[in-house]
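Notes follow the structure.
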Ligand code: NCD
């Protein structure tokens, strides 16, 4: 059986501990891993625009000594001729050893994964649903700074309705003893199916400044304008939040501020120099966690094939 990474729940707590430790070791001893994927190919299938995640997978594979095969511009690939995602995956399965895939339609990876016989599939984002490798970047940063994933008060702020990074981080943290504060304008609230699953206490508010003082972690997000029915509708929510130095002055000295990026207008650039702003660090940590994930999934594949 191939192991895939499509939802945060695909790994258990013990596996996340191991992944965190491996990523930390990679970050401290990068040379040790420089040839760990010699001769291996990662297929990078991004059916939706991406800068950070796509480059982070490329950088991860190159730093492990591997190579990357790109889908390229959908307009010049067979997708323009109407090839289905399943067929594309079926073919790529015969070319590459492992695959990272992003798609604008929620659950595409879940439906397509059964065609794979050879390569583990990593979900690099599916529509407004999930983004589990962003969660890896988030949780590395949280544990690195706070020492644990438990007993924290975490504020999720911005577009909680369409933000897949929020959904996956919530799913992960919901297995630990945390408290959540969902900070969103009416209409972009955390979807009820997630709230119903919450085993941690939570509150829903629309004002950031009044709650920021209680938080250990603040997870800021942009309005996901590409997911709205119209740009007009998205624009109504633009500017709902602005984290600037004045708002940050109400927060504890130990707060950490995360953001999956790209930032639009929700964090003032003056905040970047504040030691509590960790979003650039978080992007770097994402690369180490992706390296750890690639190694772990490839190892599982070769172990299985030896059985
Ligand atoms: C996130 C995504 O694509 O969902 N970005 C990312 O992967 N770094 C968040 C976003 O686009 O707002």
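Derivation of every value follows stated rules applied to the coordinates shown; laboratory data play no part. Here the structure is a predicted model, which means the values were calculated and not measured. Every residue, glycine as well, gets a Cβ built from its backbone with ideal geometry; the counts of neighbours run over all protein chains shown.
If each Cα of segment 1-52 is one equal point scatterer, what is log10 of I(q)/I(0) from the Debye formula at q = 0.14 Å⁻¹? Result of the Debye calculation: -0.61.
Among 284-295, 33-44, how do they line up from the highest to the lowest mean number of other beta-carbon atoms within 10 Å? Don't skip to the end; give the middle numbers.
Numbers: 284-295: 24.5, 33-44: 17.6.
Descending mean neighbour count gives 284-295, 33-44.
Cα centroid distance between segment 249-275 and segment 86-158, in Å? One Cα centre to the other: 25 Å.
Quote the FRET efficiency, to the nearest 0.05, computed for residue 35 versus residue 118 with a Förster distance R0 of 35 Å and r equal to the Cβ-Cβ distance. Walk me through the intermediate numbers first.
On the way: r = 22 Å, r/R0 = 0.63.
The value I calculate is 0.95.
The modelled label-to-label distance for the pair residue 105/residue 10, using points 7 Å beyond Cα in the direction of Cβ, is 1.9 nm. At 4 °C and 1.567 mPa s, what whole-number value in µm²/s does Stokes-Einstein give for the translational diffusion of segment 190-262, with Rh from the Kirkwood sum over Cα pairs? Result for D is 90 µm²/s. Across all Cα atoms of segment 87-228, the radius of gyration (one decimal) and Dmax (whole number) stand at 16.8, 54 Å.
Its Kirkwood hydrodynamic radius, worked out from the mean inverse distance over all distinct Cα pairs, puts segment 159-307 at 17.1 Å.
For the peptides 121-127, 134-140, 24-30, 63-69, the ranking by mean Cβ contacts within 10 Å, running from highest to lowest, is 134-140, 121-127, 63-69, 24-30. Remark: segment 126-188 projects, on average over all directions, an area of 4.1 nm² (convex hull of Cα atoms). Share of pairwise Cα-Cα distances greater than 24 Å in the chain is 52 percent (whole percent).
Shown for segment 1-138 is the translational diffusion coefficient from the Stokes-Einstein equation, using the Kirkwood radius over Cα pairs, a temperature of 20 °C and a viscosity of 1.002 mPa s: 137 µm²/s. Peptides 224-232, 257-265 ranked from most to least packed give 257-265, 224-232, packing being the mean of other C-beta atoms within 10 angstrom over each peptide's residues. R0 = 25 Å: FRET efficiency of residue 270 with residue 238, Cβ-based, nearest 0.05? After rounding, the FRET efficiency stands at 0.80.
Using a Förster distance of 35 Å, how high is the FRET efficiency between residue 151 and residue 59, based on the Cβ-Cβ distance and rounded to 0.05? Spell out each step's value before the answer.
Details: r = 33 Å, r/R0 = 0.94.
After rounding to 0.05, the efficiency reads 0.60.
If you take the Cα atoms of segment 64-168, find Rg, then find the Kirkwood Rh from the mean of 1/r over all pairs, what is Rg/Rh? Walk me through the intermediate numbers first.
Values: Rg = 16.7 Å, Rh = 15.9 Å.
Rg/Rh: 1.05.
Any chance you could give the angle, 0 to 90 degrees and rounded to 10, that helix 52-63 forms with the longest Cα principal axis of the chain? So the helix axis and the longest Cα principal axis differ by about 50 degrees.
As a test of the definition: which semi-axes, in Å, follow for segment 251-307 when you take the square root of five times each eigenvalue of its alpha carbon gyration tensor? Largest first, please.
Working: eigenvalues 268, 28, 11 Å².
Each semi-axis is √(5λ); the values are 37, 12, 8 Å.
What length, rounded to one decimal in nm, is gained on full extension from residue 25 through to residue 86, with 0.36 nm per residue of separation minus their alpha-carbon distance?
So the extension gain works out to 18.4 nm.
Here's the picture: a label point sits 7 Å out from the Cα of residue 229 along the beta-carbon direction, and within segment 178-205 the residues with their amide nitrogen under 15 Å of it are 187-188. In a fully extended conformation the segment linking residue 250 and residue 284 would gain 9.5 nm over its present Cα-Cα distance, using 0.36 nm per residue. Against the main long axis of the alpha-carbon atoms of the chain, helix 13-28 sits at an angle near 80°.
Taking 8 Å as the Cα distance limit and 6 or more residues as the minimum spacing, I'd like the relative contact order of the chain as a percentage. List each step's numbers first, then the result.
On the way: 553 pairs, mean separation 62.1, N = 307.
Averaging sequence separation for qualifying contacts and normalising by length gives 20 percent for the chain.
Compared with the dominant Cα axis of the chain, that is its longest principal axis, helix 164-173 is turned about 90°.
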